[in-house]
Amino acid sequence: MRRPGVLAVVIAVVCALVTGCGPDLSGTRVRIAAGLDGGVYDKLAEALADAWAAQLDIERPEIQETEGSPDNIGRIRAGKAEVAFVAADVATEKTAGLAALARVHDDYLHVVVRADSSIRSFGQLRGRKVAIGSPDSGVEYLSKQLLQASGLTGAVDQRNLGINEAMPALETGQIDAVIWSGGVPTPSITERVRTVGLRLLDITDLADDLRATNPVYRTATIPVTAYNLSEPVTTLVLPNFLVVPASMSDDLAEALVRGLFDAREQLVKAAGAALSIDVHPAIETAPLPLHPGALRYFRSLKD
């Protein structure tokens, strides 16, 4: 007579070899709140949608063009999206009911001026026209933290322009500076380094005050090779998370995280920022908790 323990082992081996033994996610709807068309969030979301559709045998996830992190969190809370890319500083403001699947890529703060500008420090933006990001975007949120830390909140002519509108405006002299948070190099900045010449402002003197406002901010250096700079620039680094409702099922959350790392090669082809996606820093999502399903995936890597 076959013992129950032996039978269980046989079933487990068969399940490991046959795809049908995983959770049935057929019919699952996934909507991804990304960002502006052509941005890093958008490129990664497109690659993830293709990967998840193939891996999980679900309908290809819908990609939602959004204004950025605050908009994305709003969509998760309103039940209009299941997955969202969110900057870590925005995530610290609104944690209730949310969980993280993983920390993904890092963004770098850019404060950009023309090479022929007399502006040499952030403090010299007083009275100037400055693009602070599109309304309800993560860039706008970071810009306001930066202006507050520098004491320039009411002393700058703030223009709600995203990177795609801001860089042409800087090129033609309609604005004096652009605040941007994104990957290094950012293509639209690289393009104008070659055509009109640009400089990045160093924010060393503001770094301590900014880190005091939010522990997710870290300092890093943008090397001269990134934009053919005359010298390296100290700036802020900001992590990004994949965020989901805390109510998402553990099986779906685990499957999405597994799919994220299985698709890393595809993600890198879509956006160079994905090179920083790695299982080791991926669990560093404080102050958002890791979703239990995501935690189950990361723990499985140690087995």
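Taking first residues from the range 129-155 that are free of Cβ contacts under 8 Å to residues at least 12 places away in the same chain and partners that are in a helix (DSSP H, G or I), the Cβ contacts under 7 Å between residues at least 6 apart in sequence or on separate chains come to T153/L147.
Residues in the range 269-297 that are hydroxyl-bearing (S, T, Y) and either buried (at least 20 other Cβ atoms within 10 Å of the Cβ) or out of contact with any Asp or Glu (no Cβ under 6 Å at 6 or more places or on another chain) (or both) were compared, and the one that is modelled with the highest pLDDT is Y297. Among the numbered conditions (1) out of contact with any Pro (no Cβ under 9 Å at 6 or more places or on another chain); (2) at pLDDT 95 or above; (3) open to solvent by less than 40 Å² (accessible area, probe 1.4 Å), the only one that Q266 does not meet is (3).
Evaluated against (1) within 23 Å of G27 (Cα to Cα); (2) in contact (Cβ under 8 Å) with a residue 12 or more places away in the chain, A54 falls short on exactly one condition, (2).
When the residues of the range 119-139 are filtered to those that are exposed (fewer than 14 other Cβ atoms within 10 Å of the Cβ) and not charged (D, E, K, R), the one that is nearest to L198 (Cα to Cα) is G127. Looking at V257, is it in a helix (DSSP H, G or I) and either of a type in the set (K, R) or open to solvent by 20 Å² or more (accessible area, probe 1.4 Å) (or both)? Spelling it out, it is not the case that V257 is in a helix (DSSP H, G or I) and either of a type in the set (K, R) or open to solvent by 20 Å² or more (accessible area, probe 1.4 Å) (or both). Sort out which residues of the range 218-233 are surrounded by 19 or more Cβ atoms within 10 Å (Cβ to Cβ) and farther than 23 Å from E165 by Cβ, and write them in order of number. Residue satisfying the conditions is V233 alone.
For the range 82-118, filtered to residues that are of a type in the set (A, V, I, L, M) and assigned to a helix (DSSP H, G or I), the residue that is surrounded by the most Cβ atoms within 10 Å (Cβ to Cβ) is A88.
Quick check: is even one residue across the range 208-219 more than 16 Å from L142 (Cβ to Cβ) and among the small types (G, A, S)? Within the range 208-219 (the criterion being more than 16 Å from L142 (Cβ to Cβ) and among the small types (G, A, S)), the answer is no, since none of the residues qualifies. The condition of being at pLDDT below 95 and either assigned to a helix (DSSP H, G or I) or surrounded by 17 or more Cβ atoms within 10 Å (Cβ to Cβ) (or both) holds for P70.
Among the residues of the range 113-124, are any modelled with pLDDT of 95 or more and within 18 Å of the chain's Cα centre (by Cα)? No - not one qualifying residue is present in the range 113-124. Inspection of the range 59-66 finds no residue satisfying the criterion of being touching a residue at least 12 places away in the same chain (Cβ under 8 Å), within 16 Å of Y141 (Cβ to Cβ) and among the aliphatic types (A, V, I, L, M).
The values are calculated or read from the model by the stated rules, or taken from the named source; none is laboratory data. Just so we're clear, the structure is a prediction, and the values are computed from it rather than from any experiment. Cβ atoms come from the backbone with ideal geometry, glycine included; neighbour counts cover every protein chain shown. Protein only, heavy atoms only, side chains kept; ligands, DNA and RNA dropped before computing areas. Shrake-Rupley method; radii C 1.70, N 1.55, O 1.52, S 1.80 Å.
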